[in-house]
Each structure stands twice: as structure tokens, then as C-alpha cells.
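One structure is given below, encoded as C-alpha cells.
The values are calculated or read from the model by the stated rules, or taken from the named source; none is laboratory data. Keep in mind the model is a prediction, meaning the values are calculated, not measured. Methodologically, a virtual Cβ is constructed for each residue, glycine included, from the backbone with ideal geometry; neighbour enumeration extends over all protein chains shown. Protein only, heavy atoms only, side chains kept; ligands, DNA and RNA dropped before computing areas. Shrake-Rupley method; radii C 1.70, N 1.55, O 1.52, S 1.80 Å.
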Amino acid sequence: MTRLVVGVGGRAGVSVEEVCALVEETLRGAGLAVAAVTALATVEAKTGEAGLVGAAKRFGVPLVGYSAEELAAVRVPHPSTAVRDAVGTASVAEAAALAGGGELLVPKRRSVAATCAVAAAREHDLRHHGDVEVVDAGGALVDLAVNVRSDTPPAWLRQRIADSLGDLAAYPDGRAARAAVAARHGLPVERVLLTAGAAEAFVLIARALGAERPVVVHPQFTEPEAALRDAGHRVERVLLRPEDGFRLDPAAVPRDADLVVVGNPTNPTSVLHPAADLTALARPGRTLVVDEAFMDAVPGEREALAGRMDVPGLVVLRSLTKTWGLAGLRIGYVLAEPEVIAKLAAAQPLWPVSTPALVAAEACVAPPALAEAEEAARRIAVDREHLLAGLAEFEEITTAGRADGPFVLIRLEGAMEVRTRLRALGFAVRRGDTFPGLDASWLRLAVRDRATTGRLLQALDHALALTGRG
């Protein structure tokens, strides 16, 4: 079933009944199902209009607001000078329907006090990941598409893993690793669950915890939404905006959402949300899932919630694959209230984490490893500033928000062509259009050492020249 976005507008005082009747009649006339509607969209100035708010509630979908400036930049088939003079955009309904991407299916329809238009929501490939950019390259490309730290795992960790191979005849015993993770965060062991990477944790959450109104804050890692959809959930999205620096506004999350997923620092925006903004999302009856897969790449792990026991419903996910180069080993963990851990554990298969992965987990949370990770995080911060300074020399390139992770999100015209040119020049970068809330003008770059960054900047200059944009 095609997912639909309905753009709506209305005069002051328009009733819920009139808005709903117009939307239903428009959909019925086009042979479209009300059940396929994923959102109503309008101009920000109208997001408090009772008739529009009530209609969204009646349809069971969010009411998404766009600034007049955003909508004014959207080409519409039926522009109106009067509407532009009144609200700053040539068509509220058509522009709002199209603002999230996609194709206009039904142009503007009117009733006495309301307007609506229908667009097919642009589908994002939630299963696309950075490894796709390099999987068949045979090592011929400099990998800036995957966020795993380069030159990892270190020799000492490889040796620890190799030494564990003599124990493969025995079934895995996760008690020591679980206790080590608990000690690392100052938690009781009952608050820790070891998983085959963060990806397994998202599947367990989707299947075991239950949710009536799950919400995912985007742009972010797409596996949480994919797992929820696979489990049969209808997922709502809260889209953070580049003009706001992709910063989280807790008020944007529906109050009755009973499962909220947010990344910190967020992939792909690299934005680190204040812990206070995240804890403001917690409330009785809500599960708050914070993906901290990249938190150990932030010096001092500032704004981290791992180890907190005073936040109701908090579930923190950690991954050991990024900093330690263990993506092929699959190891991560969940920190949550004991009751939640028990539910997730009950949904796991027997022996979900291998013996080598358990050995790696215990090693990577030991004090010497934590000190090494902290030093790596400080180097990444310096290297990231070098990359950002180089990117600032290009008038064609903009970044949104402050980057605090081991990657940077950039925006430029013709980004997909530039990505192709960079590939021909030996560099793989991550496309951004598979992340909800982003389009084809975005690219994500992993932070690497200064020498690699210097070569990238030269290649980028060349790619822009080849596309006629440099």
C-alpha cells in the first residue's frame, strides 16, 4: 500500500468535521485508502488550528508543520498569489503534501473553509547501510562510508579474541562479560543484557516490549524503524530540521507516544543532544530508547545516559563494534530496568552472543580499554575539526548543526553526482537520501586522520570541478 501525506489548510475556526470530510472525499474520489495516510501536513502557522489538530487526531496520524519559507521553496501546480500574500507560500496544501518528498497524486481540493492535496510519501530504503558503498570494492576505495574506527581492532584485542578460540567446543557463558559491563556503568547486573550488536537489540525491543504508538526521531539510524515495522507496528516519525541544526525539541514528540527512539550522538547528523532534553521525554508508561552506539567516540561521554537509574522507562543501547572495529563479531548491550531486561532476554534465542564476542566485550569495558577509547575520542575530535575547517573552504558545501560524532553530514547541490565522482577518484562516502528527513542533497563522511582528510578534500575539489560546481 502506498504511504500517503495529506497537505491541509484551513481558515481560522475551520471545524474538524469539515477537514475530515474534505480529506475523506478527496481520498475516496482518487481511489485511495484512508488507512494509507501517514501524516497531515500544513504550514507552521496553522499547526495550532483546532480543526487541523482534531482531524489529525481523528485519523490517528501526526500533524506535521513546515515553515512558510520551506513551503515557498516547493514548486506547486496551482500557486495562489492571495495565499502567498497571506501566509508566505503559494499553496499550503500542495506544498505541505510535497514537502517531505514524493509525488503529488491529487492536486488541491477545496471546501468552504478547508483545502487539501495528497502526495505519495517518498519511501526510504531503511535497509541501506554504509557497508553497501564498499562491499564489492575489494579494498580499492578509501572507506568514508562506514563509521567503524580505522586501524581496528587493535593487536591486543585481536589476540584476546584469538586466545578464546580454544574454548569454542563449550557453550558460551556470558556471566563474566555481563558483570564487567555492569561494573563499567556502576549498575546491578540485572540491568544489563548482552546482544549480538545493537541491531539485535532493536529487534528485541520491537518484538518484546509492545507499543501502541511508537515514534522514531529522524534523521537517525534506520534499523529501529525497520525493526518496528517488521514487527507489525505503525511507526510515526518526528523529523528534526536542518534549519534548527537537527536539534531535538522534546515538545515535538507526541505526549501519548508510548515508545520513543532517538540516537545520541545521532547518526547521520552527528548532533549530540543535551541529556536534559532526552530525560524530558521520559514519563510513566513510556519506553524511552536512546541509542548511544557512538557515545564512546565523544570525549568524556558527556550527555550520556548509560548508568542512569533515575529516568523512568529508560533503555540505553551501546555498541562495541564502532570504536573497536568489531562489526563482523556483533557485540553490544542494553541497559534498562530489570523488568525490561527480563522481557528482552525472554525473546532472545539461546546463546545469542558467541564466546569470542563475550571475551571481546569483557576486554573492551576494562579500565585500560576505556582509557584507550577516551584517547581515540580526543583524536577523533581534533581530526573532525580539521575536516570541518577544510569543508568550510567550499562555498558549495554546508553543514547543519554542530558535529560531535565520528562523522559529518554535509549538504551540496548535485550530491549524488559528486558521490559518484568521488568513487571514481577512490573515495566511498555515504549517501544521505535513505535517511527519513534527508534528501539526495546530503552526504555523510566518516572522520579519518589528517592525511586521509587532505586527500579527500583534494578529491572533493576535483569532483566539484568535474560536475561544473567547483
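Before moving on, here are some points about what is shown:
- Candidate set: the range 296-319, residues that are part of a loop (DSSP other than H, G, I, E, B) and under 16 Å from Thr266 (Cα atoms); chosen: the one most open to solvent (accessible area, probe 1.4 Å): Arg302
- Flag set for Arg330, criterion: assigned to a loop (DSSP other than H, G, I, E, B) and crowded, with 18+ Cβ neighbours inside 10 Å.
- For the range 150-176, a residue qualifies if it is touching a strand residue (DSSP E or B) at 6+ places or on another chain (Cβ under 9 Å) and closer than 27 Å to Asp449 by Cβ, and exactly one does: Ser150.
- Taking the range 1-15 as the range and being in a loop (DSSP other than H, G, I, E, B) and within 34 Å of the chain's Cα centre (by Cα) as the test, the residues that pass are Met1, Thr2, Arg3.
- With respect to the stated conditions, Val340 fails to be outside any helix (DSSP H, G or I) and among the hydrophobic types (A, V, I, L, M, F, W, C).
- Hits in the range 166-186 (condition: part of a helix (DSSP H, G or I) and either at pLDDT 95 or above or in contact with a Gly (Cβ under 8 Å, 6 or more places away or on another chain) (or both)): Arg175, Ala176, Ala177, Arg178, Ala179, Ala180, Val181, Ala182, Ala183, Arg184, His185
- Count of the range 187-199 residues which are surrounded by fewer than 22 Cβ atoms within 10 Å (Cβ to Cβ) and part of a helix (DSSP H, G or I): 4
- In the range 102-114, residue farthest from the chain's Cα centre (by Cα) [restricted to those that are open to solvent by 30 Å² or more (accessible area, probe 1.4 Å) and at pLDDT 85 or above]: Val112
- For the range 353-384, a residue qualifies if it is under 20 Å from Phe202 (Cβ atoms) and touching a helix residue (DSSP H, G or I) at 6+ places or on another chain (Cβ under 7 Å), and exactly one does: Ala361.
- Scan the range 16-49 for residues that are surrounded by fewer than 16 Cβ atoms within 10 Å (Cβ to Cβ), touching a residue at least 40 places away in the same chain (Cβ under 8 Å) and not in a helix (DSSP H, G or I) and the total you get is 1.
Residue by residue, here is whether (1) of a type outside the set (A, V, I, L, M, F, W, C); (2) farther than 19 Å from Ser319 by Cα; (3) surrounded by 12 or more Cβ atoms within 10 Å (Cβ to Cβ) holds:
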residue: Ala145; (1), (2), (3): no, no, yes
residue: Val148; (1), (2), (3): no, no, yes
residue: Pro153; (1), (2), (3): yes, no, yes
residue: Arg160; (1), (2), (3): yes, no, yes
residue: Ser164; (1), (2), (3): yes, yes, yes
residue: Ala170; (1), (2), (3): no, yes, no
residue: Ala179; (1), (2), (3): no, no, yes
residue: His185; (1), (2), (3): yes, no, yes
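- Annotation: Asp131 fulfils all but one of (1) at pLDDT below 85; (2) over 29 Å from Asp439 (Cβ atoms); (3) not in a loop (DSSP other than H, G, I, E, B); the unmet one is (2).
- In the range 51-74, the residues that are part of a helix (DSSP H, G or I) and either surrounded by fewer than 18 Cβ atoms within 10 Å (Cβ to Cβ) or modelled with pLDDT under 90 (or both): Val53, Gly54, Lys57, Arg58, Ala68, Glu69, Glu70, Leu71, Ala72
- Identity of the residue in the range 314-372, of a type in the set (D, E, K, R) and within 26 Å of the chain's Cα centre (by Cα), that ends up modelled with the lowest pLDDT: Lys322
- Considering residues of the range 75-93 that are modelled with pLDDT of 75 or more and among the hydrophobic types (A, V, I, L, M, F, W, C) only, the residue surrounded by the fewest Cβ atoms within 10 Å (Cβ to Cβ): Val76
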